[in-house]
Structures are given as structure tokens and as C-alpha cells.
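The structure appears right after this line, and notes come after that.
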Amino acid sequence: MKEDFFKWMTDKKSFLSKYGIDTEKLTYKEESKNDYSCVIVHHYNPNKCLGHIEMFGVNMVFFEVIDFNSGERLAIEHTEFDYENDFNVLFESYFTALISGEKVD
């Protein structure tokens, strides 16, 4: 699943760049003896906000989008996912906040 997410995020870079959003960091860490594999992504929307996604463990994901000026969290979620999840649906609020720079409920 994490491999699929990593590929999906790599493919998503060009879509995000159309909105002026840079993918600052996209890392896939292989599973080790003492740790699960994980994917970490950082996005930067100039003059608006920063976004951060971590996919870790067996089926956990955490993301947040933070406004530069106020420090307010525009989107935040910590949830479990399964192999049936569509990434576009799972991260809809994340990308809405990241692109718009506005709070998502």
C-alpha cells in the first residue's frame, strides 16, 4: 500500500505544481528490524500554508495543513485506512486546504 501511495504522490507532483505547490520532500523508508515502513511528504504553498503527510505502521495515516500567518491548522486527520481506500477520497480535505489555503471542516 505504501508503495502505491508513494507512486501516486510522485505522479501527483505535476498536478500540484499547476497550483504553485511544491513537493519539498517525498521519502519512502523501508521496513527495518525495529520499525515499520513509512512514507513522508511535505508540501509548500508559497504565502499560504505547509502540508505534511505520514503514512506509517500497517495502516495508519496522519496529515495536517498549517497556515503560515496564523499557525492555524487548516486540515488535520489521523486515521486508519484499508486497501480499498481511494487516495483521492482519503486525502480530499488535505488537498482542498493545501490548494485553497482555507480551513476545511
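Say we look at region 65-105 and pick out the residues that are in a loop (DSSP other than H, G, I, E, B) and aromatic (Phe, Trp, Tyr); which of these is surrounded by the fewest Cβ atoms within 10 Å (Cβ to Cβ)? Full working, then the answer.
Looking only at region 65-105, we keep the residues that are in a loop (DSSP other than H, G, I, E, B), and these are 68-72, 81-86, 91, 101-105.
Then drop every residue that is not aromatic (Phe, Trp, Tyr), which leaves 68, 81, 83, 91.
Details: 68: 14, 81: 16, 83: 7, 91: 23.
My answer is 83.
Every test in (1) within 16 Å of the chain's Cα centre (by Cα); (2) of a type outside the set (A, V, I, L, M, F, W, C); (3) at pLDDT 90 or above is passed by residue 70 save one, and that test is (1).
Hey, any hits in region 31-52 for a residue that's closer than 15 Å to residue 3 by Cβ, surrounded by fewer than 17 Cβ atoms within 10 Å (Cβ to Cβ) and among the charged types (D, E, K, R)? Yes: region 31-52 contains one or more residues that are closer than 15 Å to residue 3 by Cβ, surrounded by fewer than 17 Cβ atoms within 10 Å (Cβ to Cβ) and among the charged types (D, E, K, R).
Within region 55-64, the set of residues being modelled with pLDDT of 95 or more, within 17 Å of residue 1 (Cβ to Cβ) and surrounded by 16 or more Cβ atoms within 10 Å (Cβ to Cβ) comprises 63 only. Among residues that are in contact with a helix residue (DSSP H, G or I) (Cβ under 8 Å, 6 or more places away or on another chain) and within 23 Å of residue 76 (Cβ to Cβ), residue 53 is included.
Condition check: surrounded by 15 or more Cβ atoms within 10 Å (Cβ to Cβ), at pLDDT 95 or above and not charged (D, E, K, R). Does residue 28 satisfy that? No. Would region 19-39 turn up any residue that is under 15 Å from residue 87 (Cα atoms), in contact with a strand residue (DSSP E or B) (Cβ under 7 Å, 6 or more places away or on another chain) and in a strand (DSSP E or B)? Yes, region 19-39 has at least one match.
Report, by residue number, each residue of region 31-54 that is of a type in the set (A, V, I, L, M, F, W, C) and at pLDDT below 95. First the steps, then the outcome.
Going through region 31-54, the residues of a type in the set (A, V, I, L, M, F, W, C) turn out to be 38-41, 49-50, 53.
Result: 38, 39, 40.
The values are calculated or read from the model by the stated rules, or taken from the named source; none is laboratory data. Quantities reported herein were computed from a predicted structural model and do not represent experimental measurements. Virtual Cβ from ideal backbone geometry, glycine too; neighbours counted across all protein chains shown.
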